[in-house]
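In what follows, a single structure is set out as structure tokens and then discussed.
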Amino acid sequence: MRIDVVSLFPEFVAQISAHGVVGRAQERGLVAIHGWNPRDYASGNYRRVDERPFGGGPGMVMLIDPLRDCLHATRAADPAASSVVYLTPQGAPLTQAKVRELAGRERLVLLCGRYEGIDERLVAAEVDEELSIGDYVLSGGELAAAVVIDAVARLQPGALSDSESAVQDSFETGPDGLALLDCPHFTRPVEHTLGTVPPVLLSGNHAEIARWRRQQALGRTWLRRPELIDRERLSRADQALLDAFLAESGATPDPRNP
């Protein structure tokens, strides 16, 4: 998969992407990340890429021409069809389902804004979709681009040492259509001043371990992200597990209607 990043600070994204899973994915030839700086396509002695907004107000807006020329050069660098994704707080929320869909594409172009954003005419003419990583504002789209790259790269076949790791992540949709939060995890030592590992995880009974993990995932999701669970869609087995979890924890049966 090829990912092109259009940014005033492409080296910043490259540095972040050089480590961990994404770094290994690049070393294995699973992902290729290329940076593009629109300032290289700006004219004049100062190579300006921004200007004051019409209508007044604070901040600066990124200019059309340097970005457009940069995007055209980016597209021309590889014959594979590309989708231009603009990282912006106004975009659709990035979800695990969306990440999985992006990971299946052959090529992505991530467009990082700065200042007050990008001239809307460029967005309308060149951008295929807009994505947001959360309801907050960053100084630019570089960190958001790094998030997308990490989330997408780890889903490439061979990127993770154990392919099951991605399947069991939070928000991954199971065969029953539920996207639950992950269950708690423990490792050595068994006994610690901070507590003891749940005995079921030491039992060697894989069926009971799977049942406990399912119950913990259901309970944790219900308490922290209740909007992810539609009680009517739960199987009888899941309902029983959730009810038992809530009874044991003393939590309210439905945190949306206390």
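Details
- The magnitude of the dipole of the chain, with charges of +1 and -1 set on the Cβ of Lys/Arg and Asp/Glu and taken from the Cα centre, is near 300 debye.
- Largest GNM mean-square fluctuation among ALA207, ALA240, ALA42, using the chain with Cα springs under 10 Å: ALA207.
- A DSSP coil position with no more than 12 other Cβ atoms inside 10 Å describes the following chymotrypsin sites (Phe, Trp or Tyr not before Pro) in the stretch 83-164: TYR136.
- Compactness relative to 2.2 N^0.38 Å, alpha carbon Rg of the stretch 80-167: 1.14
- Panel values: the stretch 2-153, Kirkwood radius from alpha carbon pairs, Stokes-Einstein at 4 °C and 1.567 mPa s, translational diffusion coefficient 82 µm²/s.
- Protection proxy ranking, highest mean first, for peptides 12-20, 186-194: 12-20, 186-194, where packing is the per-residue count of other beta-carbon atoms within 10 Å, averaged.
- Of PRO10, LEU218, MET62, farthest towards positive along the dipole that unit charges on Lys, Arg, Asp, Glu beta carbons give the chain: LEU218
- Dipole size of the stretch 168-249 about its Cα centre, with +1 on Lys/Arg Cβ and -1 on Asp/Glu Cβ: approximately 100 debye, rounded to the nearest 20.
- Relative to one another, the C-alpha centroids of the stretch 55-124 and the stretch 179-258 are positioned 40 Å apart.
- Separation of the ARG48 and VAL197 label points, Cα + 7 Å toward Cβ, nm: 6.4
- Just so you know, the Rg over Rh for the chain is 1.08, from Cα atoms, with Rh as the Kirkwood radius.
No value in this document is a laboratory result; all are computed from the given coordinates. Worth saying up front: this structure is predicted, and the values here are computed from it rather than measured. No Cβ is skipped: glycine too gets one built from the backbone with ideal geometry, and neighbour counts run over all protein chains shown.
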